[in-house]
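A short worksheet on the structure shown next.
The values are calculated or read from the model by the stated rules, or taken from the named source; none is laboratory data. For clarity, every value in this text was computed on a predicted model and none was experimentally measured. Virtual Cβ from ideal backbone geometry, glycine too; neighbours counted across all protein chains shown. These accessible areas exclude ligands, DNA and RNA; they are computed on the full protein's heavy atoms, side chains included. Shrake-Rupley method; radii C 1.70, N 1.55, O 1.52, S 1.80 Å.
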Amino acid sequence: MTHASTKPCIPDEFHVRDLYHPDVMANPYPYYAHMRDKPIQFGLEDYPPGTIPGLDKPYPAWVVLKHADVQEVCRRADVFSSRDIMQEESEAPTLMLVNHDDPRHAELRKIAQMAFSPKRVMSDVAPWMETTVEAQLDMVGGGTVDFMQDLAPNLPALVMTKLIGTPEEDYVLLRRWANAFMVTSDFTLAERQQCNIELWKYYQSAVDQRYADIEIGKPVPDDLMSAFIQTESNGSRLTREEVVRFCLTLVVAGAETTGYLLGNLIDVLADDPEMYATLRTDRSLVRAFIEESLRRDGPVQRLHRVCTQDYELGGAQIREGDWVAIFHASANRDPAVFERPDEFVLKRPNMIKQATFGHGIHHCMGAGIARNEAAQMINSLLNRYSRLEPAGERVRQRGGLLNYGLETCPVNLVV
């Protein structure tokens, strides 16, 4: 069983400031349940993506845990701004869409939706993704593997190289840069700084070269980088810097988070051999299996907002300028919405209410890509292996509060 299966003894005086503790990061759900029905607390100091613990100073935030309150914050984008002042004040690049408000967010999203055509990000990629997953499984073969070291992080990073249009062999670099940017894995201050610099320079160079190729009339691939450069909406185009930021955003938002999603899926299967057998017999259940994992064990824990005016939320008086941390993961286990929230229930009837990919104008545009990666990985495993068994202790990451996921996942793949 994983570390997260244990039930900690939580003192009554537990405060949201204590959420940023390694033991809580590894097993946060009992703590959410402990605080969810209490008055909303203020004081969590946590780090947005790209910022650096030990260098940047976090703003204290209100912690929002109830499903209804999380949805309200997401719905009221006019009150709760996504602009990340802490990120802007740091050396980290500001992310596209994630950290924009309307009206600019609406303009950017329209361009992104045109670039994210189903053909470009779904149908053209599907055969390549199947071949890529099979190649990854060929390399590990059967027997005991550490899924989090040998498989889970690879596919999402490889998909990003394909979608954006950079060399496939650079996926290892993308994995490292995304891990450092998302403030989850353990890095030193200097390592995080260097990774952020390398990440920016990498995409700046790639985008500059693509602009140069287009300007001289050289044929360019129909990938997202070209689409970001060439797509126009109502006479508006992205600036060169915005193209770089879009590429960077896709990598840091998609590579690490989807890797944790894949690991969390395997965690369920390792604990429940009957589930593996059920899915192997009826592949129509694979998508429902992924959805319930996204709800119960979704990798994304929380996002930040900044209140733009005095506002009452769940009985708390939020002041203009206050930071708010909305915990999608807590909303997903709110018993007011989901019956038996800690249990894994295949084909849960109200699955549409799960909050992992956000709500409102900031619903994740890459949700379909992540779901397809997960479906391809699970189906390929089911095709190839008769059983999937635990092969040692599975340990969850304890380096940051942004994502919930495994650090190690030893399993036995039985042909």
Fill in the blank from the handout: Other residues with Cβ under 11 Å from the Cβ of Asp37 give, with Lys and Arg +1 and Asp and Glu -1, a net charge of +2
Completion exercise
Once Ala106 and Ala68 are pulled to full extension, the length gained, defined as 0.36 nm per residue separation minus their Cα-Cα distance, is 11.2 nm
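With a 1.4 Å probe and every protein chain left in place, work out the accessible area per residue of the chain in Å², rounded to a whole number.
Working: 17010 Å² over 415 residues.
Ligands and nucleic acids excluded, the result is 41 Å² per residue.
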Completion exercise
What the Cα atoms of region 94-221 span along the principal axes, largest first and in whole Å, is 51, 40, 31
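Please report, in debye to the nearest 20, how large the charge dipole of the chain is about its Cα centre when each Lys and Arg carries +1 at its beta carbon and each Asp and Glu carries -1 there. If you can, show how the numbers build up before the last one.
Numbers: 43 positive and 59 negative charges, 163 e Å.
Once rounded to the nearest 20, the dipole reads 780 debye.
Where the only charges are on Cβ atoms (+1 Lys, Arg; -1 Asp, Glu), what is the dipole of region 137-296 about its Cα centre, to the nearest 20 debye? Working shown, then result.
Details: 15 positive and 25 negative charges, 80 e Å.
With Lys and Arg at +1 and Asp and Glu at -1, about 380 debye.
Normalised by the number of residues in region 364-409, what is the relative contact order in percent for Cα pairs under 8 Å and 6+ residues apart? Don't jump to the answer; show the numbers that get you there.
Details: 20 pairs, mean separation 11.8, N = 46.
It rounds to 26 percent for region 364-409.
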Completion exercise
Using alpha carbon centers only, region 333-381 is separated from region 40-82 by a whole-angstrom value of 22 Å
Problem - Fraction of the pair-distance distribution of region 199-301 above 24 Å, Cα-Cα pairs, percent - result: 48 percent
Problem - Two-decimal ratio, region 1-123, of alpha-carbon radius of gyration to 2.2 N^0.38 Å - result: 1.32
Practice task
Can you tell me which of 46-56, 210-220, 384-394, 273-283 comes out highest on packing, and rank the rest after it, using the mean Cβ neighbours within 10 Å?
Solution key: 46-56, 384-394, 273-283, 210-220
Handout entry: For region 327-415: rounded, prolate or oblate by the Cα gyration tensor [a/c cutoff 1.5]
Key = prolate
Handout entry: Contact order normalised by residue count of the chain, Cα under 8 Å, 6+ apart, percent
Key = 27 percent
Handout entry: Charge-dipole axis of the chain as Lys and Arg at +1 and Asp and Glu at -1 on Cβ define it, positive-most pick from Met86, Pro49, Pro349
Key = Pro349
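In the chain, what percent of the accessible surface is made up of carbon and sulfur (1.4 Å probe, ligands and nucleic acids excluded)? Display every interim value, and only then the final one.
Details: 8690 of 17010 Å².
Carbon-and-sulfur percentage of accessible area, whole number: 51.
Can you give the Kirkwood hydrodynamic radius of the chain from its Cα pairs, in Å with one decimal? Kindly include the intermediate steps, with their values, before the conclusion.
Values: mean 1/r = 0.0455 Å⁻¹.
Value: 22.0 Å, from the Cα pair sum.
As a check on your grasp of the helix formula, calculate [θ] at 222 nm for the chain: sum -39500 (n - 2.57) over DSSP H runs of n ≥ 4, divide by the residue count, round to the nearest 500.
Numbers: 16 runs with 189 residues, N = 415.
For the chain, the value works out to -14000 deg cm²/dmol.
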Problem - Gap separating the Cα centres of region 279-312 and region 155-197, nearest whole Å - result: 23 Å
Practice task
Find the all-direction average of the projected area of the Cα convex hull for region 109-151, expressing the result in square nanometres with one decimal place.
Solution key: 4.2 nm²
Practice task
Taking 7 Å along the Cα-to-C-beta vector as the label spot, tell me the Asp342-Thr408 distance in nanometres, rounded to one decimal.
Solution key: 2.6 nm
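Using r as the Cβ-Cβ distance of Thr188 and Thr131, and R0 as 41 Å, what FRET efficiency do you calculate, to the nearest 0.05?
Values: r = 37 Å, r/R0 = 0.91.
According to the calculation, E is roughly 0.65.
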Handout entry: For peptides 120-128, 97-105, sequence by mean Cβ density within 10 Å, most packed first
Key = 97-105, 120-128
Problem - 5 angstrom amide H check on Gly405, placed H, neighbours 5+ away - result: Gln397
Completion exercise
Quick calc, region 258-413, dipole around Cα centre from Cβ unit charges on Lys, Arg (+) and Asp, Glu (-), nearest 20 debye, gives 400 debye
Exercise for the section: Find how much the distance from Asn234 to Val220 grows on full extension, using 0.36 nm per residue of separation minus their present alpha carbon separation; answer in nm with one decimal. Expected result: 2.7 nm
Handout entry: Cut-off under 5 Å, modelled amide H: who pairs with Leu313 long-range
Key = Ile318
Exercise for the section: Could you calculate the contour length gain from Glu198 to Ala288, that is, 0.36 nm times the residue separation minus the distance between their Cα atoms, to one decimal place in nm? Expected result: 28.5 nm
